[in-house]
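The values are calculated or read from the model by the stated rules, or taken from the named source; none is laboratory data. All figures in this text were calculated on a predicted structure; none of them were measured in a lab. Quick reminder, even Gly has a Cβ in these numbers, built from the backbone with ideal geometry, and neighbours come from all protein chains shown. Just so you know, the surface numbers come from the protein's heavy atoms only, side chains and all, with ligands and any DNA or RNA stripped out. Shrake-Rupley method; radii C 1.70, N 1.55, O 1.52, S 1.80 Å.
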Amino acid sequence: MNPFVALTVGLGDDGRLYVTHEWRHDPRAAHRQLTDSQYSRAVRKWLDKLDVSPEWTFVAPSASSFSTELWADGHPGVTKAKNDVIDGIRSVASALDAGLLLIHESCEGLLADSPNTCGRTKQPRAARTDR
């Protein structure tokens, strides 16, 4: 079972994308799987704590019941993510390499999952997360 991961990604005034925050639940480590309702509540609470209201929330197409839960809970901008894994990996690697995507060092899970860490940054608030 894979971890559940939520990220805040914002477009900076400099035209670069910034991953500023990460929320993660690993059911293997926690020895507990959450329900769609519990995930929705946890993500919304996390975003409220950050004072972030996302314009879009991309959810894996395989998690349609979670998308439905977010939508029913009034979460804004829920849409299906494109699940083209190879193209996605290439796009992220290219953006990191070009310095167009930066990941804050507090996003430890994402950085551990990423083979390329050249996009690390120590500036969590450099992006506008209201987009």
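For segment 11-26, a residue qualifies if it is assigned to a strand (DSSP E or B), under 15 Å from ILE103 (Cβ atoms) and of a type outside the set (Val, Ile, Thr), and the qualifying residues are LEU11, LEU17, TYR18, HIS21, GLU22, TRP23, ARG24.
Name the residues in segment 55-80 that are open to solvent by less than 30 Å² (accessible area, probe 1.4 Å) and either outside any helix (DSSP H, G or I) or under 17 Å from LEU11 (Cβ atoms) (or both), would you? Hits for segment 55-80 are THR57, VAL59, HIS75, GLY77. Contact map, segment 3-21: first residue over 19 Å from HIS75 (Cβ atoms) and of a type in the set (Ser, Thr, Tyr), second residue open to solvent by less than 70 Å² (accessible area, probe 1.4 Å) and assigned to a loop (DSSP other than H, G, I, E, B), Cβ cut-off under 7 Å, separation 6 or more or different chains; pairs are TYR18/GLY12; TYR18/ALA126; TYR18/ALA127. Selection of segment 81-131 for residues being at pLDDT below 90, open to solvent by 70 Å² or more (accessible area, probe 1.4 Å), touching an Asp or Glu at 6+ places or on another chain (Cβ under 8 Å) and not in a loop (DSSP other than H, G, I, E, B) yields ARG120, ARG128. Within segment 99-110, is even one residue touching a residue at least 24 places away in the same chain (Cβ under 8 Å), closer than 13 Å to ALA6 by Cα and of a type in the set (Asp, Glu)? Yes: segment 99-110 contains one or more residues that are touching a residue at least 24 places away in the same chain (Cβ under 8 Å), closer than 13 Å to ALA6 by Cα and of a type in the set (Asp, Glu).
Please go through segment 41-54 and pick out each residue that is outside any helix (DSSP H, G or I) and surrounded by 11 or more Cβ atoms within 10 Å (Cβ to Cβ). VAL52, SER53, PRO54, listed by residue number.
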